[in-house]
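First up is the structure itself, then whatever we jot down about it.
The values are calculated or read from the model by the stated rules, or taken from the named source; none is laboratory data. In this text, all values refer to a predicted model and were calculated from it rather than measured experimentally. Cβ sites come from the backbone with ideal geometry, for glycine too, and all protein chains shown count toward neighbours. In case anyone asks, the SASA skips ligands and DNA or RNA and just uses the protein heavy atoms, side chains included. Shrake-Rupley method; radii C 1.70, N 1.55, O 1.52, S 1.80 Å.
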Amino acid sequence: MLFLCPRIYLRAALVVAALGVLPSLASAADIDEAQRLFKTGQYEQCAKLAAEAIEDGEFTETWRHLKLRSELAMGHYAQAKVSLASALKRYPNSIQIRWIGVRVQRMNGEAEAAAKALNEIEQMVKQAPWRYRDAGSRVTLGRFLLSRGADAKDVLGQIYNKIKKDLPRLPEAFVASGELALAKHDYGLAAEAFEKALKLDSEDPAIHFGLARALEPSDLQKSRQALAAALERNENYVPGLLLLVDDHVDAERYAEAEQVVARILKINRKEPAAWAYRAVLAHLDNDAEKENACRDKALSTWAENPAVDHLIGKKLSQKYRFSEGSAYQRQALAFDAKYLPAKMQLCQDLLRLGQELEGWKLADEVFKEDGYSVVAHNLTTLRDRLTKFRTLKSDGFAVRMEDREAAIYGQRVLDLLRRAKETLCKKYDVELDGTIYVEIFPRQQDFAIRTFGLPGGAGFLGVCFGRVITMNSPASQGSSPSNWEAVLWHEFAHVVTLNKTNNKMPRWLSEGISVYEERQQNAAWGQTMNPRYRKMVLDGELTPVSQLSGAFLAPKSPLHLQFAYYESSLVVEYLIEKHGLETLKRILVDLGVGMPINESIRRYAGSLDALDKAFAEYAKQRAESLAPEADFSDPELPPRVDTETLAKWNADNPDNYMGLKRYAKQLIAEKKWTQAKPPLWRLLKLYPGDTSGDNSLVMLSVVYRELNETAKERKALERLAALDADAGDVYLRLMKLAAAEKDWDAVKTNAQRMLAVNPLLRAPHRHLAEAAEKTGDDARAIAGLRALLVMDPLDPADVHYRTAKLLHRTGDLPAARREVLMSLEEAPRYRAAHRLLLTVLEDIKTTPAEKMP
């Protein structure tokens, strides 16, 4: 290999940059027309016009570029090979033609010739850098250097940015900068570059396409607007059409994906990526023979093209088929061991399969080879952080948590996982072999990097890959965290269903079962019908079952995404009510052997059209049954209305949900506590299951508290606590009220509820320990006190002493001795601790060794 050190050749490139800038002056109207034809996808006409110009002896090299690029776009690889030979004969020193020629040679199965061309580019730049002073050659040189492993920062700063400075009206350097940023996952920088390029050339579909890719991770709606703009300008723009295929595959619109693939193959019947997508579709359709045939077609022109297997594997992994996906990445790396996209994808696949040793090793390798790989950098940094986590193992689980959090609620995590395993594995006839890994992150950014490779994903609380669960800890969620027990139960339900189906299930069904199982375990968990969902159902916003996975891909709003989860769970509930749990389990078995979901549903539930109609009616009935006496219409009142007017309006409209709420809120704001009761009582009667943030029970509890009607306040809060699994403030208040009345069972109940929301607060542990002590629940009291000790209690001597007393009572004398000594270390004159120490020591002396724990 001649090209060993990219930095050496970068210096040659800098010589090029220093020699000045003389843009090509191909000013003939014909070349402008040819470029217009190419940009609008009229490749055959463009190639014809270029051929005529070449035949007429046109000097400009650009004609050769357009002819070659048009022939490549149409898949006329043999003709492109002839055109390349002619172009190199006419322009033997052109690195632009050689760079285009590398793809021509590869697509003709001439890998050695392509490698030779790359070496020739290297030698030519070294020997005569002054020859390549035009902007086109300099952009080409930047791309070449990047392909050889040059430092991305150097290429950007010393080549592309200099071109931008010298020729600020030239879009090509901005496009190249954007492509470089995309390759390094710096989407913000990429978007900025493509937006600047668009200001210079708004008609180039490639620029719109680049912007679409740059915006995809942050703003899918704007990204697809940019994609639409690209395809408006060139309906034959294959990269844009491939992104459209990708969207359809992600949304499980497989028929539509095949239609676009067919459209691409009419443009270029040899397009490798199109055949690769057909292989993906065949795999998802459980047609191994067709899958292999399509892969062979994708590799028919360039037999060792690593991008083909990388693409197939990446799409399978995005469908959670990580074993199959990783196998494809290994095939890609067998073709080209230095193909970093495949190595990075394999790294993530293995980490999601729980094969961490090889996965982390690959992350190191990628980062070593490409120090600007954001994903590799993120993962290696995260790996260093994870080494400080504690691993808890029990019953086939390995739970990895930050050390302090593990000490506080790690055992609760294991206990919940054990219950979930017993309940759900039995229910769905699943036996889990091997270890299930659970990782809980106190920093949302770390969760996102472990899960997605990049920061982001703020809406996700947890993710399951099959055998690996990643979760946000309550510490990462601010002052109002979600119920982590509900989240973990939801994710473990995914473990069960994904293992039962061999990770071969549509997203809607996977999410639907998990949300449904939340509700089955705890009526306050999961999602239920509410006024917003009611309106969406009655307004016809249900998504047909066959299209439901697509509702997760590009929702109109966060509300629509949440509705997709709820609707999916309602479909599951409908299937179980109508056809039984056994039918649902048979569908999961069918999916496990590769049967498409629609075909399986037809076997047990009839046609999809019939299912859609029956489910729509079921959902409508569920919506209409929500508070049937309530009027959910908009009151259409002015923004500011006096209380008297509101009272009169509500007298005329006594059942209007929004009107009653508004009236009650205004009375509370005016501290008219007694007057607020009647509208709130009416609200509660109309809609007793309301869990919105300003529901009637919340407002009634405020009213009762202000009126010192403590018994009524507590009753209202107890009703709310049974409905809302995230009501941390409610649980804290109930603990305080119950403790004042020495209702220790109620204290324990609400402390447990609070620990399911935020176990990182002292209050629930303190209340739980006290209530457990009072009721003789020694094990729970010890657990609460030990958690408190990790959380810097106000009186550590007292907590150690109480722990020692309980341990002594349970017979764990060595542990009791340790705790009482720590109590005395904190407070050497603590007389009760001294007395307890003497008792413990006497008991140790008189207890036979074989009876000691």
Kirkwood radius from Cα pairs of the stretch 241-366 plugged into Stokes-Einstein at 20 °C, 1.002 mPa s, gives D in µm²/s equal to 147
Partner lysines whose C-alpha sits under 16 Å from that of K672, ignoring same-chain residues fewer than 8 away, are K661
Label model pair D32, K222: point-to-point distance (7 angstrom along the Cα→beta-carbon line) in nm is 3.2
Once normalised by the length of the stretch 662-814, the mean sequence separation of its alpha carbon contacts under 8 Å that are 6 or more apart gives a contact order in percent of 12
For Cα Rg over 2.2 N^0.38 Å the list reads (1) 0.99; (2) 1.29; (3) 1.16; the calculated value is entry (3)
With label points set 7 Å from each Cα along the Cα-to-Cβ direction at Q477 and K126, the distance between them in nm comes to 6.0
Using a 1.4 Å probe on heavy atoms of the protein chains only, the accessible area for W673 in Å², nearest 10, reads 50
Within the stretch 735-853, pairs of Lys residues whose Cα atoms are less than 16 angstrom apart, provided they are eight or more positions apart or on distinct chains, add up to 5
Partner aspartates and glutamates whose C-alpha sits under 13 Å from that of K48, ignoring same-chain residues fewer than 8 away, are D30, E33, D56, E71
Mean separation of Cα contacts under 8 Å (at least 6 apart) over the residue count of the stretch 94-162, i.e. the relative contact order in percent, is 30
Protection proxy (average C-beta count within 10 Å per residue), highest first, orders 260-273, 799-812 as 799-812, 260-273
In nm, the gap between the two label points placed 7 Å beyond Cα toward Cβ at D166 and N708 is 8.6
Rounded to the nearest Å, the spacing of the alpha-carbon centers of the stretch 338-358 and the stretch 178-220 is 27
Of the DSSP H helices in the chain, the ones reaching 30 Å or more along their long axis in Cα terms and averaging at least 0.0 in Kyte-Doolittle hydropathy are 558-579
Violations at 21 Å Cα threshold for listed pairs K421/K500; K319/K620; K162/K222 -> K319/K620; K162/K222
Checked against a 29 Å limit on the C-alpha separation, the offending pairs among K343/K504; K270/K343; K290/K361; K89/K165; K89/K199 are K290/K361; K89/K165; K89/K199
Distance in Å, no decimals, from the C-alpha centre of the stretch 693-717 to the one of the stretch 264-325 is 61
One finds, for E541 and A78 with R0 = 51 angstrom and r their Cβ-Cβ distance, a FRET efficiency to the nearest 0.05 of 0.45
Filtered hits (aspartates and glutamates, Cα-Cα < 12 Å from K426, offset >= 8 within chain) -> none
Computed over the chain, the relative contact order (Cα-Cα under 8 Å, seq sep at least six) in percent reads 6
Given the candidates H208, A47, L265, the one whose Cα lies deepest towards the positive end of the charge dipole of the chain, counting +1 at each Lys or Arg C-beta and -1 at each Asp or Glu C-beta, is H208
Expressed in angstrom and rounded, the centroid-to-centroid distance over alpha carbons for the stretch 635-688 and the stretch 734-803 is 40
